[in-house]
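**Q** Before we start, here is the structure in question, set down as structure tokens.
Just so you know, all these numbers are worked out from the coordinates, no wet-lab data involved. Because the structure is predicted, anything quoted here is derived from the model rather than measured. Here Cβ is always computed from backbone atoms with ideal geometry, including for glycine, and neighbour counts include all displayed protein chains.
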Amino acid sequence: MQTFLVTGGVGFIGSNFILKARKEQWANIINLDKLTYACNPQTLAELQNDPGYYFVRGDISDTEMLGYLLERYQPDAILNFAAESHVDRSILSPLDFIQTNVLGTFQLLEASKAYWEKLSPEKREKFRFLHVSTDEVYGSLSPTDPAFREDTPYAPNSPYAASKAGSDHLVRAYYHTYGLPTLTTNCSNNYGPRQFPEKLIPLITLNALNAKPLPIYGDGQNVRDWLYVDDHCDAIQLVLQQSRLGETYNVGGNNEQNNLTVVEEICEVLDKLAPKPGLRRSDLITFVKDRPGHDRRYAIDCSKIKRDLGWEPKENFDSGLLKTIQWYLNNPNWVEEVQSGAYQTWIEQNYSDRQVASSPI
Ligand code: NAD
Ligand code: DAU
């Protein structure tokens, strides 16, 4: 069986990828994660006795540790999920994003190149470096613009998006300059189990469950293309196994929704699954001051990955959202652990001085 070095594998998408990789026996996994605020170490507790899984706490910027890990475990592929990933935090503290997303990716590329150059010709031929990126690098669309394609020019608007764009450019450069066998995926907004509740869907789900206000930025008409996390994991594995070298692939859910509709649907599901007498959860919707530089619309054209590799999303939004909400209802301990301490400070910092209104601002 192959061995993958997965970075950022305790986070939302990485943890779902690792669980699927072990369940479906895609590979043995070395998981390198810094364990920032954005994850709960308990997320992968079910793998603690799995001999095909090994966790290392560390930073992708730590070249010495990377050198040791690569030498010791001789991975067949490196999958880079590690990142600072939250747009609102990037507005308040951009430096962390430059540090991990740009400099960290650079150090990881350097270490990967040094490792790859020393491999036997056979292993060298098969080695892959897959970088997980975002549709936010392409900027913002108007309601009538065509969806993002792989050749859409980069136009990042937030410090997060700019830092991811920087990392994508570095990955591209390492392929073109040094021949490092890289692959890049740019996906849309993921949703599903184990997402940290600073992002829209888990934040709204947990606030609604506890009858707290449901903050919607601006007029709630910003559009995102929602992709169920398992579909994304399948796409990554397919790209890793079958893509030509140096390619980039857009991965989307074919599911554009505006934020207000998403929030209303969460309310409806929770009113059915966890009714509270006298409470209609949509009454908790609160329009708050907009995110600075808030991108209006993202949409992904994923015809290339369908044409080349036969991938398309399987989950529809209603069934994916139901599974997601059920997971949060069934895992109160996980929720409690991530909502303690620093989480409360973030909620205070991000929401306390936003102007509030009962209709769109
Ligand atoms: P996340 O914030 O849930 O997890 C990120 C993980 O990376 C965390 O476990 C964190 O501890 C780890 N990490 C952060 N800095 C690190 C460092 N310096 N060294 C090692 N580990 C570090 O993020 P996510 O939602 O799982 O996103 C994973 C990747 O997918 C990111 O690269 C993100 O940009 C990209 N992406 C996410 C989405 C989405 O909707 N969530 C969409 C498009 C692209
Ligand atoms: O498009 C892919 C990107 O999706 C990823 O690259 C990012 O890592 C990921 O965080 C996500 O970015 P968004 O900014 O789109 O996700 P977020 O969940 O923060 O917000 C989704 C939408 O909901 C966005 O239009 C802002 C809005 N929003 C968000 C929060 C947290 C609100 O209206 N209220 C909120 O409280």
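**Q** Okay, which of the range 297-339 sit inside 17 Å, backbone N to the point 7 Å along the Cα-Cβ direction of Lys23?
**A** Zone members listed by number: 314-316, 319-331.
**Q** Same structure again: From the P(r) of the range 101-182, can you give the percent of Cα pairs sitting at distances over 17 Å?
**A** 52 percent
**Q** Something else: So how compact is the range 309-361: Cα radius of gyration and Dmax in angstrom?
**A** When restricted to Cα atoms, the range 309-361 yields Rg and Dmax of 17.2, 47 Å.
**Q** For the range 225-361, what ratio Rg/Rh do Cα atoms give with a Kirkwood hydrodynamic radius?
**A** Computed over Cα atoms, the ratio is 1.03.
**Q** Right, another one. For q values of 0.18 Å⁻¹, compute log₁₀ I(q)/I(0) with the Debye formula on a Cα-only model of the range 56-205, without solvent.
**A** Taken in order of the listed q values, log10 I(q)/I(0) reads -1.13.
**Q** For the range 1-94, count the residues as N, evaluate 2.2 N^0.38 Å, and divide the Cα radius of gyration by that value, please.
**A** Normalised by 2.2 N^0.38 Å, the Cα Rg of the range 1-94 equals 1.08.
**Q** Another question, if that's okay. Could you compute the FRET efficiency for Asn333 and Gln221, with r as their C-beta to C-beta distance and R0 at 22 Å, rounded to 0.05?
**A** Taking R0 as 22 Å, the efficiency between Asn333 and Gln221 is 0.05.
**Q** Dividing the alpha-carbon radius of gyration of the range 228-271 by 2.2 N^0.38 Å (N being the number of residues), what value is obtained?
**A** Ratio of Rg to 2.2 N^0.38 Å for the range 228-271: 1.68.
**Q** What value does the chain have for Rg/Rh, both radii from Cα atoms and Rh as Kirkwood defines it?
**A** Rg/Rh: 0.96.
**Q** Between Ala45 and Met1, what length comes free when the chain is fully extended (0.36 nm per residue of separation minus the Cα-Cα distance, one decimal in nm)?
**A** Once the chain is fully extended between Ala45 and Met1, it gains 13.6 nm.
**Q** What fraction of the Cα pairs in the range 55-98, stated in percent, has a spacing above 14 angstrom?
**A** Summing the P(r) tail past 14 Å for the range 55-98 gives 60 percent.
**Q** Here's a follow-up. Which ³J(HN,Hα) values in Hz, rounded to whole numbers, follow from the phi angles of the range 286-298 under the Karplus curve 6.51 cos²θ - 1.76 cosθ + 1.60, where θ = phi - 60° and Gly and Pro get x?
**A** Rounded to whole hertz, the list is 10, 7, 10, 3, 5, 5, x, x, 4, 5, 6, 8, 10.
**Q** In Å, what Rg and Dmax follow from the Cα atoms of the range 126-250?
**A** Reported Rg and Dmax, both Å: 16.7, 54.
**Q** Given a cut-off of 20 Å, name the pairs among Lys212/Lys289; Lys164/Lys323; Lys212/Lys276 whose C-alpha atoms lie farther apart than that in the structure shown.
**A** Pairs exceeding the cut-off: Lys164/Lys323.
**Q** Another one. So which trypsin sites (Lys or Arg not before Pro) in the range 72-173 are both in a DSSP loop and have at most 12 other Cβ atoms within 10 Å of their Cβ?
**A** Hits after loop and neighbour filter: Lys118.
**Q** List the residues, sorted by chain then number, that are 5 or more residues from His131 or on another chain and whose placed amide H is less than 5 Å from its amide H.
**A** Those lying under 5 Å, H to H, from His131 are Asn80, Leu183, Thr184, Thr185.
**Q** Want the number for Ser120 to Asp145: 0.36 nm per residue separation, take away the alpha-carbon distance, what's left?
**A** Computed gain between Ser120 and Asp145 is 4.2 nm.
**Q** What percent does the relative contact order of the chain come to when contacts are Cα pairs within less than 8 Å and at least six residues apart?
**A** Reported relative contact order: 18 percent.
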